[in-house]
1. Counting only heavy atoms of the protein chains, get the accessible area per residue of the chain (1.4 Å probe) and round it to a whole Å² value.
2. Using mean Cβ contacts within 10 Å as the protection proxy, how do 418-425, 458-465 order, highest first?
3. Quick one: putting +1 on the C-beta of Lys and Arg, -1 on the C-beta of Asp and Glu, what dipole do you get for the chain around its Cα centre, in Debye to the nearest 20?
4. Could you tell me the relative contact order of the stretch 368-480? Use alpha-carbon pairs under 8 Å, at least six residues apart, and round to a whole percent.
5. Can you find, among 384, 358, 407, the residue sitting farthest towards the positive end of the charge dipole of the stretch 302-410, where Lys and Arg contribute +1 and Asp and Glu -1 at Cβ?
6. Between residue 298 and residue 35, what FRET efficiency comes out of the Förster formula 1/(1 + (r/R0)^6) with R0 = 45 Å and r the beta carbon distance, rounded to 0.05?
7. Rounded to the nearest Å, what's the spacing between the alpha carbon centres of the stretch 377-409 and the stretch 137-152? Just the number, please.
8. Nearest 5 is fine: what % of DSSP beta bridges in the chain come out antiparallel, could you say?
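The values are calculated or read from the model by the stated rules, or taken from the named source; none is laboratory data. Because the structure is predicted, anything quoted here is derived from the model rather than measured. Glycine gets a Cβ as well: all are built from the backbone with ideal geometry, and neighbour counts include every protein chain shown. Ligands, DNA and RNA are stripped out before the accessible areas are found, and what is left, the full protein with its side chains, is counted by its heavy atoms. Shrake-Rupley method; radii C 1.70, N 1.55, O 1.52, S 1.80 Å.
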Amino acid sequence: MTDLHELSALEQAAAVRNHDVGPVELVEHALRRVEDRSATLGAFVTVTPERALAAAATAERALRAAADTDALPPLLGVPTAIKDLTMTAGIRTTFGSVVYRDFVPDVDDDVVRLLRAAGTISLGKTAVPEFGLPCYTEPAGGPPAVTPWDTTRLAGGSSGGAAAAVAGGLVPFAHGSDGGGSIRIPASVCGLVGLKSSRGRVSPGPMGGDPLGMAVSGPLARTVADAAAMLDAMAVPQLGDMFQVPPLPPGQTFLGAARRADPGRLRIGRYADVPVPGVVVEPDCAAAYEQAAGLFAELGHEVIDVVAPFSEQVVAAFETMWAVLAHSHPVGQDDEPRLQPLTRWLRARGAVVTGPELLAVMRGMHVLARAMVAAHSAVDVVLTPSLAQLPRPVGWFTGTGDPSEDFERQKRFTPFTSVYNITGQPALSLPLYWTDLADGPVLPVGVQLIGRPGADALLLALGAQVENARPWAHRTPPTW
(Lines give C-alpha, C1' and ligand atoms only; values in the text may rest on other atoms or scores of the structure.)
Protein backbone atom coordinates (compact mmCIF):
# COMPACT_ATOMS: atom_id res chain seq x y z
CA MET A 1 0.00 0.00 0.00
CA THR A 2 1.22 3.50 -0.82
CA ASP A 3 2.21 5.52 2.26
CA LEU A 4 -0.03 8.52 2.77
CA HIS A 5 2.79 11.04 2.30
CA GLU A 6 3.48 9.56 -1.14
CA LEU A 7 0.11 10.92 -2.30
CA SER A 8 -0.16 14.37 -3.85
CA ALA A 9 -2.45 16.93 -2.22
CA LEU A 10 -5.17 16.22 -4.79
CA GLU A 11 -4.79 12.47 -4.29
CA GLN A 12 -5.14 12.96 -0.55
CA ALA A 13 -8.27 15.06 -1.09
CA ALA A 14 -9.73 12.34 -3.33
CA ALA A 15 -8.89 9.64 -0.79
CA VAL A 16 -10.76 11.60 1.89
CA ARG A 17 -13.81 12.07 -0.34
CA ASN A 18 -13.84 8.39 -1.25
CA HIS A 19 -13.61 7.43 2.45
CA ASP A 20 -10.33 5.62 1.79
CA VAL A 21 -8.70 7.59 4.57
CA GLY A 22 -10.05 9.88 7.25
CA PRO A 23 -8.78 13.41 7.90
CA VAL A 24 -7.66 12.42 11.41
CA GLU A 25 -5.55 9.53 10.09
CA LEU A 26 -4.09 11.80 7.41
CA VAL A 27 -3.18 14.54 9.88
CA GLU A 28 -1.78 12.08 12.43
CA HIS A 29 0.47 10.60 9.74
CA ALA A 30 1.72 14.06 8.75
CA LEU A 31 2.33 15.06 12.37
CA ARG A 32 4.43 11.94 12.95
CA ARG A 33 6.60 12.88 9.99
CA VAL A 34 6.92 16.43 11.31
CA GLU A 35 8.00 15.09 14.69
CA ASP A 36 10.56 12.73 13.10
CA ARG A 37 12.02 15.03 10.44
CA SER A 38 11.29 18.71 11.04
CA ALA A 39 14.28 19.38 13.31
CA THR A 40 16.67 17.80 10.81
CA LEU A 41 15.23 19.82 7.94
CA GLY A 42 14.60 23.05 9.86
CA ALA A 43 11.08 23.04 8.43
CA PHE A 44 8.77 24.19 11.25
CA VAL A 45 9.22 26.89 13.85
CA THR A 46 5.84 26.23 15.50
CA VAL A 47 3.79 23.01 15.35
CA THR A 48 0.13 23.04 16.41
CA PRO A 49 -0.91 19.38 16.78
CA GLU A 50 -3.92 20.03 19.03
CA ARG A 51 -5.41 22.57 16.63
CA ALA A 52 -4.68 20.37 13.63
CA LEU A 53 -6.27 17.27 15.17
CA ALA A 54 -9.32 19.27 16.28
CA ALA A 55 -9.73 20.60 12.73
CA ALA A 56 -9.32 17.06 11.37
CA ALA A 57 -12.03 15.78 13.70
CA THR A 58 -14.35 18.56 12.52
CA ALA A 59 -13.59 17.65 8.90
CA GLU A 60 -14.35 14.01 9.65
CA ARG A 61 -17.73 14.90 11.09
CA ALA A 62 -18.52 17.03 8.04
CA LEU A 63 -17.54 14.14 5.78
CA ARG A 64 -19.81 11.69 7.60
CA ALA A 65 -22.72 14.14 7.55
CA ALA A 66 -22.41 15.08 3.88
CA ALA A 67 -25.14 13.77 1.60
CA ASP A 68 -23.10 14.94 -1.40
CA THR A 69 -19.30 15.03 -1.11
CA ASP A 70 -19.16 17.44 -4.06
CA ALA A 71 -20.60 20.07 -1.73
CA LEU A 72 -17.65 19.74 0.65
CA PRO A 73 -14.59 22.01 0.48
CA PRO A 74 -12.34 20.82 -2.36
CA LEU A 75 -9.25 20.12 -0.21
CA LEU A 76 -11.01 18.78 2.87
CA GLY A 77 -8.61 17.20 5.33
CA VAL A 78 -5.39 17.84 3.39
CA PRO A 79 -2.47 18.86 5.66
CA THR A 80 -0.55 22.02 4.86
CA ALA A 81 1.47 24.69 6.65
CA ILE A 82 1.57 28.49 6.80
CA LYS A 83 4.72 30.56 6.38
CA ASP A 84 5.77 32.32 9.57
CA LEU A 85 5.69 35.76 7.94
CA THR A 86 1.90 35.34 7.74
CA MET A 87 -0.48 36.38 10.52
CA THR A 88 -2.36 33.50 12.17
CA ALA A 89 -4.87 34.32 14.89
CA GLY A 90 -4.03 32.70 18.21
CA ILE A 91 -0.81 31.11 16.91
CA ARG A 92 2.67 32.43 17.55
CA THR A 93 3.97 34.36 14.54
CA THR A 94 7.64 35.27 14.92
CA PHE A 95 8.53 36.70 11.49
CA GLY A 96 11.79 34.79 11.96
CA SER A 97 12.99 37.18 14.67
CA VAL A 98 13.80 36.77 18.36
CA VAL A 99 12.21 40.19 18.83
CA TYR A 100 8.81 38.67 17.94
CA ARG A 101 9.29 35.21 19.44
CA ASP A 102 6.29 35.66 21.78
CA PHE A 103 4.01 37.57 19.39
CA VAL A 104 0.54 36.06 18.96
CA PRO A 105 -1.71 37.99 16.53
CA ASP A 106 -5.46 38.20 16.96
CA VAL A 107 -6.21 38.21 13.23
CA ASP A 108 -5.69 35.86 10.29
CA ASP A 109 -4.29 37.09 7.02
CA ASP A 110 -6.79 36.43 4.24
CA VAL A 111 -4.78 33.57 2.76
CA VAL A 112 -4.96 31.70 6.07
CA ARG A 113 -8.73 32.08 6.22
CA LEU A 114 -9.16 31.11 2.56
CA LEU A 115 -6.97 28.00 2.82
CA ARG A 116 -8.97 26.94 5.86
CA ALA A 117 -12.22 27.51 3.97
CA ALA A 118 -10.92 25.26 1.18
CA GLY A 119 -10.63 22.45 3.74
CA THR A 120 -6.87 22.35 4.30
CA ILE A 121 -5.56 21.77 7.81
CA SER A 122 -2.46 23.66 8.89
CA LEU A 123 0.04 21.79 11.05
CA GLY A 124 1.78 25.00 12.09
CA LYS A 125 4.18 27.69 10.93
CA THR A 126 7.17 27.08 8.66
CA ALA A 127 10.56 28.62 9.33
CA VAL A 128 11.68 31.89 7.76
CA PRO A 129 14.73 34.13 8.02
CA GLU A 130 14.39 37.35 9.97
CA PHE A 131 11.59 39.44 8.42
CA GLY A 132 11.97 37.38 5.22
CA LEU A 133 14.87 39.53 4.07
CA PRO A 134 17.56 37.05 2.88
CA CYS A 135 17.34 34.34 0.22
CA TYR A 136 18.37 31.68 2.74
CA THR A 137 16.74 30.52 5.98
CA GLU A 138 19.04 30.57 9.01
CA PRO A 139 16.84 32.00 11.79
CA ALA A 140 18.40 33.08 15.07
CA GLY A 141 17.79 30.51 17.79
CA GLY A 142 16.65 27.81 15.38
CA PRO A 143 18.14 25.28 12.98
CA PRO A 144 18.72 26.30 9.37
CA ALA A 145 16.19 25.15 6.80
CA VAL A 146 18.04 22.71 4.55
CA THR A 147 17.20 20.97 1.31
CA PRO A 148 16.19 17.34 1.86
CA TRP A 149 18.41 16.43 -1.10
CA ASP A 150 21.55 17.34 0.86
CA THR A 151 21.10 18.47 4.46
CA THR A 152 24.47 20.25 4.43
CA ARG A 153 23.00 22.76 1.96
CA LEU A 154 20.46 25.51 2.55
CA ALA A 155 16.83 25.25 1.45
CA GLY A 156 16.77 28.82 0.16
CA GLY A 157 14.50 31.53 1.44
CA SER A 158 12.56 33.14 2.60
CA SER A 159 10.06 30.27 2.19
CA GLY A 160 12.83 27.84 3.13
CA GLY A 161 10.93 26.04 5.87
CA ALA A 162 7.89 25.61 3.63
CA ALA A 163 10.00 24.13 0.83
CA ALA A 164 11.84 21.79 3.20
CA ALA A 165 8.48 20.60 4.58
CA VAL A 166 7.05 19.82 1.13
CA ALA A 167 10.21 18.32 -0.37
CA GLY A 168 10.71 16.25 2.76
CA GLY A 169 7.20 14.80 2.54
CA LEU A 170 5.91 16.40 5.73
CA VAL A 171 3.01 18.09 3.91
CA PRO A 172 1.99 17.76 0.25
CA PHE A 173 1.91 21.50 -0.38
CA ALA A 174 2.52 24.66 1.61
CA HIS A 175 1.87 28.37 1.57
CA GLY A 176 4.75 30.64 0.58
CA SER A 177 5.32 34.28 -0.18
CA ASP A 178 7.69 35.97 -2.61
CA GLY A 179 9.05 39.52 -2.48
CA GLY A 180 12.27 38.96 -4.40
CA GLY A 181 12.29 35.27 -5.25
CA SER A 182 11.26 33.78 -1.91
CA ILE A 183 9.06 31.05 -3.45
CA ARG A 184 11.07 30.36 -6.60
CA ILE A 185 14.48 30.16 -4.91
CA PRO A 186 13.53 27.39 -2.43
CA ALA A 187 11.48 25.65 -5.12
CA SER A 188 14.59 25.38 -7.29
CA VAL A 189 16.81 24.31 -4.40
CA CYS A 190 14.35 21.70 -3.11
CA GLY A 191 13.06 20.27 -6.41
CA LEU A 192 9.54 21.70 -6.24
CA VAL A 193 7.01 23.66 -8.25
CA GLY A 194 6.89 27.23 -6.97
CA LEU A 195 4.61 29.95 -8.30
CA LYS A 196 4.99 33.65 -7.66
CA SER A 197 1.48 34.74 -8.51
CA SER A 198 0.66 37.93 -10.40
CA ARG A 199 0.54 41.10 -8.34
CA GLY A 200 -3.06 41.43 -7.17
CA ARG A 201 -3.94 37.76 -7.73
CA VAL A 202 -3.92 36.88 -4.01
CA SER A 203 -5.12 39.38 -1.41
CA PRO A 204 -2.51 40.60 1.10
CA GLY A 205 -5.29 41.65 3.49
CA PRO A 206 -6.52 42.47 5.93
CA MET A 207 -3.34 44.15 7.18
CA GLY A 208 -2.20 45.19 3.70
CA GLY A 209 1.02 43.23 3.31
CA ASP A 210 3.83 44.91 1.36
CA PRO A 211 2.67 48.46 0.47
CA LEU A 212 5.15 48.60 -2.43
CA GLY A 213 3.42 45.63 -4.09
CA MET A 214 6.49 43.46 -4.56
CA ALA A 215 5.56 40.62 -2.18
CA VAL A 216 2.80 38.16 -3.08
CA SER A 217 1.56 34.81 -1.80
CA GLY A 218 1.81 31.60 -3.79
CA PRO A 219 2.08 27.82 -3.52
CA LEU A 220 4.97 25.40 -3.12
CA ALA A 221 4.06 21.88 -4.24
CA ARG A 222 5.41 18.68 -5.75
CA THR A 223 3.15 18.86 -8.81
CA VAL A 224 1.78 21.64 -10.99
CA ALA A 225 -1.79 20.47 -10.36
CA ASP A 226 -1.33 20.73 -6.58
CA ALA A 227 0.10 24.23 -6.99
CA ALA A 228 -2.89 25.19 -9.13
CA ALA A 229 -5.35 23.79 -6.60
CA MET A 230 -3.74 25.82 -3.82
CA LEU A 231 -3.82 28.95 -5.97
CA ASP A 232 -7.54 28.40 -6.60
CA ALA A 233 -8.06 28.38 -2.84
CA MET A 234 -6.07 31.56 -2.25
CA ALA A 235 -7.02 33.63 -5.31
CA VAL A 236 -10.37 34.92 -4.10
CA PRO A 237 -10.66 38.71 -4.67
CA GLN A 238 -11.25 40.75 -1.51
CA LEU A 239 -12.96 44.12 -1.38
CA GLY A 240 -10.61 47.05 -1.04
CA ASP A 241 -7.42 45.42 -2.29
CA MET A 242 -5.08 48.05 -3.71
CA PHE A 243 -3.71 45.75 -6.43
CA GLN A 244 -6.09 43.57 -8.43
CA VAL A 245 -6.02 41.56 -11.63
CA PRO A 246 -9.12 40.34 -13.45
CA PRO A 247 -10.35 37.01 -12.04
CA LEU A 248 -10.66 33.98 -14.28
CA PRO A 249 -13.82 33.84 -16.40
CA PRO A 250 -16.78 32.10 -14.74
CA GLY A 251 -16.40 28.34 -14.67
CA GLN A 252 -12.64 28.40 -15.19
CA THR A 253 -10.08 27.45 -12.56
CA PHE A 254 -6.30 27.29 -12.31
CA LEU A 255 -6.60 23.57 -11.64
CA GLY A 256 -8.64 23.22 -14.82
CA ALA A 257 -5.89 24.96 -16.78
CA ALA A 258 -3.27 22.64 -15.28
CA ARG A 259 -5.33 19.53 -16.01
CA ARG A 260 -5.81 20.55 -19.64
CA ALA A 261 -2.04 20.95 -19.95
CA ASP A 262 -2.62 22.58 -23.32
CA PRO A 263 -1.31 26.14 -23.55
CA GLY A 264 -1.39 26.14 -27.35
CA ARG A 265 1.67 26.88 -29.43
CA LEU A 266 3.58 29.65 -27.67
CA ARG A 267 6.41 32.01 -28.47
CA ILE A 268 8.97 31.52 -25.71
CA GLY A 269 11.73 34.06 -25.34
CA ARG A 270 15.10 33.14 -23.90
CA TYR A 271 17.93 35.49 -23.03
CA ALA A 272 20.69 35.43 -25.58
CA ASP A 273 23.25 36.56 -22.98
CA VAL A 274 23.62 36.55 -19.21
CA PRO A 275 21.55 39.60 -18.31
CA VAL A 276 23.30 40.76 -15.13
CA PRO A 277 26.84 42.15 -15.44
CA GLY A 278 29.36 40.26 -13.34
CA VAL A 279 27.11 37.23 -12.75
CA VAL A 280 28.47 33.80 -13.65
CA VAL A 281 25.89 31.08 -14.24
CA GLU A 282 27.26 27.75 -13.02
CA PRO A 283 27.39 24.93 -15.59
CA ASP A 284 24.53 22.89 -14.12
CA CYS A 285 22.24 25.94 -13.97
CA ALA A 286 23.15 26.80 -17.57
CA ALA A 287 22.57 23.20 -18.64
CA ALA A 288 19.11 23.20 -17.03
CA TYR A 289 18.27 26.36 -18.96
CA GLU A 290 19.51 24.97 -22.28
CA GLN A 291 17.74 21.64 -21.82
CA ALA A 292 14.48 23.44 -21.00
CA ALA A 293 14.75 25.49 -24.20
CA GLY A 294 15.25 22.29 -26.16
CA LEU A 295 12.25 20.65 -24.49
CA PHE A 296 10.00 23.58 -25.36
CA ALA A 297 11.06 23.29 -28.98
CA GLU A 298 10.32 19.54 -28.90
CA LEU A 299 6.84 20.33 -27.57
CA GLY A 300 6.19 22.50 -30.63
CA HIS A 301 6.74 25.95 -29.16
CA GLU A 302 8.75 28.62 -30.94
CA VAL A 303 11.84 29.50 -28.91
CA ILE A 304 13.47 32.79 -29.83
CA ASP A 305 16.29 34.87 -28.39
CA VAL A 306 15.31 38.10 -26.67
CA VAL A 307 17.25 40.92 -25.09
CA ALA A 308 17.08 40.92 -21.31
CA PRO A 309 15.47 44.10 -19.98
CA PHE A 310 17.71 44.26 -16.91
CA SER A 311 19.70 47.37 -16.08
CA GLU A 312 21.65 48.87 -13.23
CA GLN A 313 18.62 51.10 -12.58
CA VAL A 314 16.47 48.05 -11.90
CA VAL A 315 18.98 46.60 -9.44
CA ALA A 316 19.38 49.93 -7.66
CA ALA A 317 15.62 50.46 -7.40
CA PHE A 318 15.09 47.01 -5.92
CA GLU A 319 17.90 47.45 -3.38
CA THR A 320 16.48 50.78 -2.18
CA MET A 321 12.97 49.40 -1.80
CA TRP A 322 14.23 46.23 -0.09
CA ALA A 323 16.14 48.32 2.45
CA VAL A 324 13.04 50.38 3.18
CA LEU A 325 10.93 47.21 3.49
CA ALA A 326 13.33 46.03 6.21
CA HIS A 327 11.38 48.48 8.39
CA SER A 328 8.06 46.75 7.77
CA HIS A 329 8.13 45.23 11.26
CA PRO A 330 8.41 47.78 14.06
CA VAL A 331 11.40 47.29 16.34
CA GLY A 332 12.04 49.34 19.46
CA GLN A 333 15.37 51.06 19.94
CA ASP A 334 16.36 48.68 22.74
CA ASP A 335 15.65 45.68 20.51
CA GLU A 336 17.66 46.83 17.48
CA PRO A 337 20.90 45.20 18.78
CA ARG A 338 19.06 41.87 19.00
CA LEU A 339 18.44 41.79 15.27
CA GLN A 340 20.69 39.78 12.99
CA PRO A 341 23.60 41.60 11.30
CA LEU A 342 22.06 41.57 7.82
CA THR A 343 18.76 42.94 9.15
CA ARG A 344 20.52 45.78 10.99
CA TRP A 345 22.60 46.58 7.90
CA LEU A 346 19.55 46.73 5.63
CA ARG A 347 17.55 48.78 8.13
CA ALA A 348 20.43 51.25 8.38
CA ARG A 349 20.39 51.65 4.61
CA GLY A 350 16.61 52.07 4.58
CA ALA A 351 16.60 54.57 7.43
CA VAL A 352 18.47 57.20 5.42
CA VAL A 353 16.10 57.06 2.44
CA THR A 354 13.93 60.16 2.62
CA GLY A 355 10.28 60.28 1.67
CA PRO A 356 10.95 62.22 -1.55
CA GLU A 357 13.73 59.80 -2.47
CA LEU A 358 11.46 56.79 -1.96
CA LEU A 359 8.73 58.46 -4.01
CA ALA A 360 11.19 59.02 -6.85
CA VAL A 361 12.36 55.40 -6.71
CA MET A 362 8.78 54.13 -6.76
CA ARG A 363 7.89 56.36 -9.70
CA GLY A 364 11.00 55.16 -11.51
CA MET A 365 10.11 51.56 -10.66
CA HIS A 366 6.75 51.88 -12.39
CA VAL A 367 8.39 53.38 -15.48
CA LEU A 368 10.96 50.56 -15.55
CA ALA A 369 8.29 47.92 -15.01
CA ARG A 370 6.25 49.16 -17.96
CA ALA A 371 9.34 49.20 -20.15
CA MET A 372 10.35 45.68 -19.10
CA VAL A 373 6.91 44.24 -19.77
CA ALA A 374 6.74 46.04 -23.12
CA ALA A 375 10.18 44.73 -24.08
CA HIS A 376 8.79 41.19 -24.06
CA SER A 377 5.40 41.93 -25.57
CA ALA A 378 6.25 39.90 -28.68
CA VAL A 379 6.52 36.63 -26.69
CA ASP A 380 4.06 34.77 -24.48
CA VAL A 381 6.54 33.44 -21.92
CA VAL A 382 10.15 34.19 -21.00
CA LEU A 383 12.55 31.42 -19.93
CA THR A 384 15.45 32.04 -17.52
CA PRO A 385 17.46 29.98 -15.06
CA SER A 386 15.84 30.05 -11.64
CA LEU A 387 19.24 30.53 -9.98
CA ALA A 388 22.83 31.12 -11.06
CA GLN A 389 24.35 28.66 -8.58
CA LEU A 390 23.65 25.28 -7.03
CA PRO A 391 22.32 25.17 -3.43
CA ARG A 392 24.78 26.86 -1.10
CA PRO A 393 26.26 25.17 2.00
CA VAL A 394 24.91 26.09 5.42
CA GLY A 395 26.72 29.24 6.58
CA TRP A 396 27.97 30.18 3.11
CA PHE A 397 26.20 33.55 3.01
CA THR A 398 26.93 34.55 6.60
CA GLY A 399 30.35 32.99 6.97
CA THR A 400 32.40 36.14 6.43
CA GLY A 401 30.56 38.03 9.18
CA ASP A 402 30.17 40.98 6.80
CA PRO A 403 26.51 41.74 5.94
CA SER A 404 27.49 43.69 2.83
CA GLU A 405 29.34 40.63 1.49
CA ASP A 406 26.36 38.48 2.52
CA PHE A 407 24.12 40.69 0.37
CA GLU A 408 26.52 40.59 -2.60
CA ARG A 409 26.61 36.80 -2.42
CA GLN A 410 22.82 36.74 -2.47
CA LYS A 411 22.79 38.90 -5.60
CA ARG A 412 25.19 36.53 -7.35
CA PHE A 413 23.17 33.50 -6.25
CA THR A 414 19.78 34.78 -7.40
CA PRO A 415 20.07 37.41 -10.16
CA PHE A 416 16.97 36.33 -12.12
CA THR A 417 14.10 36.57 -9.65
CA SER A 418 13.64 40.01 -8.07
CA VAL A 419 13.12 41.91 -11.33
CA TYR A 420 9.76 40.17 -11.74
CA ASN A 421 8.64 41.31 -8.31
CA ILE A 422 9.10 44.82 -9.66
CA THR A 423 7.06 44.09 -12.81
CA GLY A 424 4.43 42.09 -10.90
CA GLN A 425 4.42 39.33 -13.52
CA PRO A 426 3.66 35.71 -12.60
CA ALA A 427 6.75 33.49 -12.46
CA LEU A 428 6.95 29.72 -12.13
CA SER A 429 9.96 27.64 -11.11
CA LEU A 430 9.95 24.03 -12.33
CA PRO A 431 12.37 21.22 -11.32
CA LEU A 432 13.41 20.11 -14.78
CA TYR A 433 17.06 19.23 -14.19
CA TRP A 434 19.03 17.10 -11.73
CA THR A 435 22.77 17.12 -11.26
CA ASP A 436 24.95 14.08 -11.68
CA LEU A 437 27.91 15.07 -9.55
CA ALA A 438 30.65 12.47 -9.33
CA ASP A 439 31.64 13.58 -5.83
CA GLY A 440 28.30 14.64 -4.38
CA PRO A 441 24.57 14.01 -4.08
CA VAL A 442 21.98 14.46 -6.81
CA LEU A 443 20.63 18.01 -6.57
CA PRO A 444 17.59 19.60 -8.22
CA VAL A 445 18.01 22.65 -10.46
CA GLY A 446 14.99 24.74 -11.46
CA VAL A 447 14.17 26.84 -14.48
CA GLN A 448 11.97 29.92 -14.36
CA LEU A 449 9.06 30.78 -16.65
CA ILE A 450 7.66 34.32 -16.64
CA GLY A 451 4.26 35.12 -18.04
CA ARG A 452 2.52 38.31 -19.04
CA PRO A 453 0.79 40.16 -16.19
CA GLY A 454 -2.20 38.14 -15.02
CA ALA A 455 -1.31 35.06 -17.10
CA ASP A 456 -1.02 32.67 -14.15
CA ALA A 457 -3.33 30.11 -15.80
CA LEU A 458 -1.25 30.01 -18.98
CA LEU A 459 1.93 29.43 -16.97
CA LEU A 460 0.28 26.57 -15.08
CA ALA A 461 -0.98 25.00 -18.31
CA LEU A 462 2.52 25.20 -19.78
CA GLY A 463 4.05 23.87 -16.58
CA ALA A 464 1.68 20.90 -16.62
CA GLN A 465 2.50 20.19 -20.26
CA VAL A 466 6.19 20.15 -19.37
CA GLU A 467 5.55 17.96 -16.33
CA ASN A 468 3.69 15.42 -18.48
CA ALA A 469 6.65 15.33 -20.88
CA ARG A 470 9.37 15.15 -18.19
CA PRO A 471 7.73 14.11 -14.88
CA TRP A 472 9.57 14.67 -11.63
CA ALA A 473 7.18 13.86 -8.75
CA HIS A 474 8.49 10.27 -8.57
CA ARG A 475 11.89 11.61 -7.44
CA THR A 476 12.32 11.62 -3.66
CA PRO A 477 15.26 12.83 -1.58
CA PRO A 478 17.38 10.68 0.76
CA THR A 479 15.49 12.00 3.81
CA TRP A 480 12.13 10.84 2.43
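1. 38 Å²
2. The densest-packed peptide leads the list: 458-465, 418-425.
3. Approximately 520 debye in magnitude.
4. 29 percent
5. Working it through, the farthest residue towards the positive pole turns out to be 358.
6. My answer for the efficiency is 0.55.
7. Each part's Cα centre sits 16 Å from the other's.
8. So the antiparallel bridges amount to about 70 percent of the total.
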